[in-house]
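A.B. asks: This is the structure, below, for whatever I ask next.
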Amino acid sequence: MSATLSDELRKKFNVRSMPIRKDDEVQVFRGNHKPRDGKVLQVYRKKYVIHIDHVSREKNNGASVMLGIAPSNVIITKLHLDPDRKRLLGRKNRAALAKGEKFTAKDVEDTAVTELD
């Protein structure tokens, strides 16, 4: 389940979308909960929805229920980076650079530095 990245993250990482995961911060940009943003609490793969902090509704008995939001309706505003995700960004960025153009020595050095970080 992937979601698009914000404009700042797109420019920073040269990647259009990323798989969404638990501690990412997202902003809802479609649907009834449009202006809200928050942290992803749960990725429910079986129902293909995500649960976001502060996006809930109250039942008749007063209990609060998390509402599922489709990942296509959100924009990732802050990534939770760990070593696996850094490697994924490096691979996706390298694939984008390889389309139709050859690597320069600077590109190889940059990718090597990002893989070591």
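A.B. asks: Counting only protein heavy atoms and using a 1.4 Å probe, what share of the accessible area of the chain belongs to carbon plus sulfur, as a whole percent? Intermediate results must be reported in sequence, preceding the final value.
C.D. replies: Working: 4000 of 8280 Å².
That share works out to 48 percent.
A.B. asks: Working from the pairwise distances between different alpha carbons, so that the mean of 1/r is found and then inverted, what is the range 52-92's Kirkwood radius in Å? Walk me through the intermediate numbers first.
C.D. replies: Working: mean 1/r = 0.0757 Å⁻¹.
Roughly 13.2 Å, rounded to one decimal.
A.B. asks: Could you work out how far helix 83-98 tilts from the main Cα principal axis of the chain, as a 0 to 90 degree angle to the nearest 10?
C.D. replies: Approximately 60 degrees, to the nearest ten.
A.B. asks: Could you work out how far helix 105-116 tilts from the main Cα principal axis of the chain, as a 0 to 90 degree angle to the nearest 10?
C.D. replies: Helix 105-116 sits at roughly 40 degrees to that axis.
A.B. asks: Using 0.36 nm per residue of separation minus the Cα-Cα distance, give me the extension gain between V108 and A70 in nm, one decimal. Write out the running numbers ahead of the final one.
C.D. replies: Values: separation 38, 0.36 × 38 = 13.68 nm, distance 3.71 nm.
Gain in length upon complete extension: 10.0 nm.
A.B. asks: Give the ranking of R87, R10, R36 by solvent-accessible surface, highest area first, calculated with a 1.4 Å probe.
C.D. replies: R87, R36, R10
A.B. asks: Helix-only estimate, please: 222 nm mean residue ellipticity of the chain, summing -39500 (n - 2.57) across DSSP H runs of length 4 or more and dividing by its residues, to the nearest 500.
C.D. replies: Values: 3 runs with 35 residues, N = 117.
Dividing the helical sum by the residues of the chain leaves -9000 deg cm²/dmol.
A.B. asks: Also: Skip the ligands, DNA and RNA, and give the accessible area per residue of the chain with a 1.4 Å probe, whole Å².
C.D. replies: Values: 8280 Å² over 117 residues.
About 71 Å² of surface per residue is accessible.
A.B. asks: What size of dipole, in debye to the nearest 20, comes out for the chain about its Cα centre when the only charges are +1 on Lys and Arg C-beta atoms and -1 on Asp and Glu C-beta atoms?
C.D. replies: Computed about the Cα centre, the dipole is about 520 debye.
A.B. asks: Here's a follow-up. For V108, V55, give the ranking by accessible area with the largest first, probe 1.4 Å.
C.D. replies: Working: V108 85, V55 0 Å².
I get V108, V55, largest accessible area first.
A.B. asks: Among Y44, T111, L9, which residue has its Cα furthest toward the positive end of the charge dipole of the chain, with +1 on Lys/Arg Cβ and -1 on Asp/Glu Cβ?
C.D. replies: Y44
A.B. asks: Read phi for every residue in the range 60-77 and hand back ³J(HN,Hα) as whole Hz from Karplus 6.51 cos²θ - 1.76 cosθ + 1.60, θ = phi - 60°, with x for Gly and Pro.
C.D. replies: Working through the residues one at a time gives 4, 7, x, 6, 8, 10, 6, 9, x, 10, 5, x, 6, 9, 10, 10, 7, 9 Hz.
A.B. asks: As an exercise, find the ratio Rg/Rh for the range 1-72 from alpha-carbon atoms, using the Kirkwood inverse-distance average for Rh. Write out the running numbers ahead of the final one.
C.D. replies: Values: Rg = 13.2 Å, Rh = 13.0 Å.
That ratio is 1.02, to two decimals.
A.B. asks: Another question about this same structure. Want the number for R30 to T77: 0.36 nm per residue separation, take away the alpha-carbon distance, what's left?
C.D. replies: Details: separation 47, 0.36 × 47 = 16.92 nm, distance 1.49 nm.
Additional length available on full extension: 15.4 nm.
A.B. asks: Given H placed 1.01 Å from N in the peptide plane, which residues other than close sequence neighbours of K78 have an amide H under 5 Å from its amide H?
C.D. replies: Sorted by chain and number, the residues that satisfy this are E25.
A.B. asks: Here's a follow-up. Taking a cut-off of 18 Å between Cα atoms, list the lysines near K47, but don't count ones fewer than 8 places away on the same chain.
C.D. replies: Reachable lysines: K22.
The values are calculated or read from the model by the stated rules, or taken from the named source; none is laboratory data. Everything numeric in this text was worked out from a predicted model, so none of it was measured. Here the Cβ is made from the backbone with ideal geometry for all residues, glycine too, and neighbour counts use every protein chain on show. Heavy atoms of the whole protein, side chains included, go into the accessibility calculation; ligands, DNA and RNA do not. Shrake-Rupley method; radii C 1.70, N 1.55, O 1.52, S 1.80 Å.
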